[in-house]
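Structure record follows, encoded as structure tokens.
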Amino acid sequence: MATDCEAWLNANPVEAGDLSDSFPSGDEDNTFTGNVNNEINGNWISAPTGSIHEARLKAKVKRRLRKNSSRDSGRGDSLSDNGDVVRSVVPPTSPKGKLLNRRSRMGKGRGLPKKGGAGGKGVWGSPGEVYDEDEVDVKDPNYDVEQENCVYETVVLPLDGETFEKTVTPIVQEYFEHGDANEVAELLAELNLGSMRGDVPMLAVSLALEAKASHRELTSRLLSKLCGRVLTAADVEASFHKLLKELPDLVLDTPGAPQMLGQFIARAVADNILPKSFIDGYKGRVDSEYARAALDRAAVLLRMSRWTGLRFDSLWGSGGGQRPVNQLIKEVNLLLKEFLLSGDTVEAERCLRELEVPHFHHEFVYEAVIMVLESKGDRTLQMILQLLKSLCASTVITVDQLRRGFERVYLDMADLSIDVPCAYSLLEQFVEQSFNAGVIDKKLRDLCPLLGHGGYYMH
């Protein structure tokens with residue numbers, strides 16, 4: 001320690017006047033001079049006056065070093081091996097020491113987290129703490145006796161005309177895609193329809209008139225599902241009354257609206273959501289020709305159901321994906337036979353679109369080529385070629401569906417040649433003309449099987 005003090009004194013000279021804080025009065029100097037057996041900081045010395053002065057300086061330096069060491073262990077000066085004073089790398093005002101030191105800077109506490117770790121920002125309490133319900137303070141100035149008996153619930157405002165159409169229209173349009181009537185019923189039950197409840201069937205039928213036949217079938221099923229859950233029979237009847245009055249405007253966008261509305265009325269009567277007296281109530285009181293046509297259509301369908309057993313569940317037909325394959329094949333064959341009789345390409349295209357089976361158009365191509373092979377005539381070949389060319393040009397039949405149809409014929413040629421001996425030559429002729437007309441490409445033409453000496457082979 002003596003060596004450290006001497007090194008510190010060499011680096012930081014101390015004047016004699018700086019010792020006044022340690023020895024404020026001069027009496028103590030006389031005391032130290034007169035008595036050589038004195039104790040300085042616990043060390044007994046016996047030396048002349050010069051040695052006593054040197055001991056005082058060393059004692060002052062020792063106190064300063066101890067004070068700096070206890071105040072901040074990371075700051076202050078240190079001594080090297082050769083006695084030189086080395087300054088600390090961490091500056092006295094560096095925040096690093098503050099961040100690493102968890103002890104309170106106020107000299108209080110044990111350096112533990114505040115409130116046991118439950119007092120930080122965004123903290124709801126210490127881990128595992130469970131809060132009980134707050135009890136009502138009766139002595140609270142804002143306390144009200146009636147508050148204890150209050151029941152709070154969410155209030156949904158009733159829809160007005162504009163909001164009703166913006167809210168319900170997307171629900172019906174999505175229903176046309178997924179076909180889940182229960183989901184529509186749940187969505188409508190969450191709304192406060194109020195006085196607009198009777199407009200739900202009217203909006204659904206109006207949207208279905210501009211949609212496909214399968215969508216109209218879905219609309220009829222939706223009305224049957226909603227009646228009794230979301231709608232009443234009175235709501236359905238009031239909607240059809242409004243639709244009959246709005247027919248002159250509906251015809252502007254959908255010319256066939258009277259016949260379609262008549263079918264909706266007949267289907268509703270058959271599903272028991274519309275009273276049978278609905279049509280009879282308009283006898284002799286119809287001024288609009290469109291309303292009369294709709295009511296006559298409904299009356300004819302109801303009579304047909306009683307006399308001929310017409311089934312209303314298939315009145316609109318079903319979507320392409322919902323129909324059996326055998327039924328689709330029959331409708332495709334009927335379509336081709338009607339085309340060979342009439343030669344109307346536009347009508348054939350319209351009927352094919354109404355089938356709503358774009359994924360099944362390869363069957364149409366397959367059946368058309370088979371008819372060419374079985375007819376053995378040039379007239380059928382030219383008509384089918386013209387039809388396929390028109391359907392491909394209008395993109396009703398895609399290239400993929402056309403290719404699949406021809407490839408199916410190629411694979412079945414071995415069986416077809418049993419019933420039609422000249423099937424290979426007819427197929428080769430039809431494929432060549434189809435290639436020349438631009439219906440098929442060269443790759444599909446080269447796949448056509450040809451009859452060889454020992455059976456058949458491909459190009």
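Rounded to the nearest Hz, the phi-derived 3J(HN,Hα) couplings of region 369-376 under the Karplus curve 6.51 cos²θ - 1.76 cosθ + 1.60 (θ = phi - 60°) are 5, 4, 4, 5, 5, 7, 6, 6, where x marks glycine and proline.
Nonpolar atom fraction for region 325-447, defined as the carbon and sulfur part of the 1.4 Å probe accessible area, stands at 54 percent. Phi-derived couplings, Karplus 6.51 cos²θ - 1.76 cosθ + 1.60 at θ = phi - 60°, listed residue by residue for region 258-265: x, 5, 5, 5, x, 5, 4, 5 Hz, with x used for Gly and Pro. Note on residue 330 and residue 195: with the Förster distance fixed at 60 Å, the Cβ-Cβ geometry gives a FRET efficiency of about 0.80. Phi angles across region 272-281 convert, under the Karplus curve 6.51 cos²θ - 1.76 cosθ + 1.60 with θ = phi - 60°, into 3J(HN,Hα) values of 6, 9, 9, x, 5, 7, 4, 6, 5, x Hz, Gly and Pro given as x. Dimensions of region 372-459 based on its C-alpha atoms, expressed as ranges along the principal axes with the largest first, amount to 41, 26, 20 Å. Could you tell me which of the pairs 242/283; 245/276; 376/443; 212/389; 166/245; 242/276 are separated by over 21 angstrom between their Cα atoms in the structure shown? The answer is 376/443; 212/389; 166/245.
In terms of the mean number of neighbouring beta-carbon atoms within 10 Å, the peptides 146-156, 180-190 order highest first as 180-190, 146-156.
The listed peptides 242-250, 392-400, 202-210, ordered by packing as a protection proxy, come out as 202-210, 242-250, 392-400 (highest mean of other Cβ atoms within 10 Å first). FRET efficiency for the pair residue 252 and residue 296, taken as 1/(1 + (r/R0)^6) with r the Cβ-Cβ distance and R0 = 30 Å, rounds to 0.90. Three semi-axes describe the equivalent ellipsoid of region 161-314; taken as square roots of 5 times the Cα gyration tensor eigenvalues and ordered largest first, they are 24, 17, 15 Å. Contact order for region 380-448, expressed relative to its length and based on alpha carbon pairs under 8 Å spaced 6+ residues apart, stands at 35 percent. Amide hydrogen proximity for residue 227: with H placed 1.01 Å from N in the peptide plane, no residue at 5 or more positions away or on another chain lies under 5 Å. In this label model, residue 272 and residue 390 are separated by 4.7 nm, measuring between points 7 Å along each Cα→Cβ vector.
Extension gain, residue 259 to residue 229: 0.36 nm times the residue separation minus the Cα-Cα distance gives 8.0 nm. Stretching residue 414 away from residue 155 to a fully extended chain increases their span by 86.0 nm, per 0.36 nm per residue minus the current alpha-carbon distance. Length gained on full extension, residue 145 to residue 242: 29.8 nm, using 0.36 nm per residue less the C-alpha separation.
What net charge is computed for the residues neighbouring residue 206, neighbours being all others with C-beta under 13 Å from the C-beta of residue 206, Lys and Arg scored +1, Asp and Glu -1? Here the count lands on -3. Over all other residues within a Cβ to Cβ distance under 14 Å of residue 361, the charged ones net out to -4, with Lys and Arg as +1 and Asp and Glu as -1.
Summarising the amide proton neighbourhood of residue 451: residues at separation of 5 or more, or on other chains, whose placed amide H is nearer than 5 Å comprise 457.
The values are calculated or read from the model by the stated rules, or taken from the named source; none is laboratory data. Remember, it's a predicted structure, so these values are computed and weren't measured experimentally. Reconstructed Cβ throughout: ideal geometry from the backbone, glycine too, with neighbour counts over all protein chains shown. To get the accessible areas, we keep the full protein, side chains included, count just its heavy atoms, and leave off ligands, DNA and RNA. Shrake-Rupley method; radii C 1.70, N 1.55, O 1.52, S 1.80 Å.
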